[in-house]
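Some notes on the structure that comes next.
Computed from the coordinates by the stated procedures, all read-outs in this text should not be read as laboratory data. Note that this is a predicted model, so its numbers are computed, not measured. When we count neighbours, we look across all protein chains shown, and the Cβ atoms used for this are built from the backbone with ideal geometry, even at glycine.
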Amino acid sequence: MENKLKVEEHHRLVLVDREQMEVSGVQGVVNFDDQEIVVETNRGILKITGSDLHIKHLDLEAGKMEVEGLFAALEYSQSPGAKGKGLLGRLFR
């Protein structure tokens, strides 16, 4: 029963045909528009770029997000070891 209440600790990214994406391990959304989505994951900051992007589903309790659009690039900007710092500390170091 305890396992069901625990947010997923693994980070997983599933990309289908460069048009659909499922991401787990999401802790929060930093910024988003139709060309860029920046999310905080349990493995660092993930920047998704493309066109016509939109967040189809977001469940921060479960740590899951679904995104649609045409994806051009995925970029991680933090290492997993930076997990202990706050979000603002990582963005403005």
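The slack between LEU74 and LYS47, meaning 0.36 nm per residue of separation minus the straight C-alpha distance, is 9.1 nm. Across the stretch 53-67, computed HN-Hα scalar couplings (Karplus, 6.51 cos²θ - 1.76 cosθ + 1.60, θ = phi - 60°) run 7, 8, 7, 6, 8, 9, 10, 6, 5, 8, x, 10, 8, 10, 10 Hz from first to last residue, x flagging Gly and Pro. Amide H contacts of ALA72 (H built 1.01 Å from N, in plane; Pro and chain starts excluded): THR49, GLY50, SER51 sit under 5 Å, all sequence-distant by 5 or more or on other chains.
Around the Cα centre of the stretch 2-80, unit charges on the Cβ atoms of Lys, Arg, Asp and Glu (plus for the first two, minus for the last two) sum to a dipole of about 280 debye.
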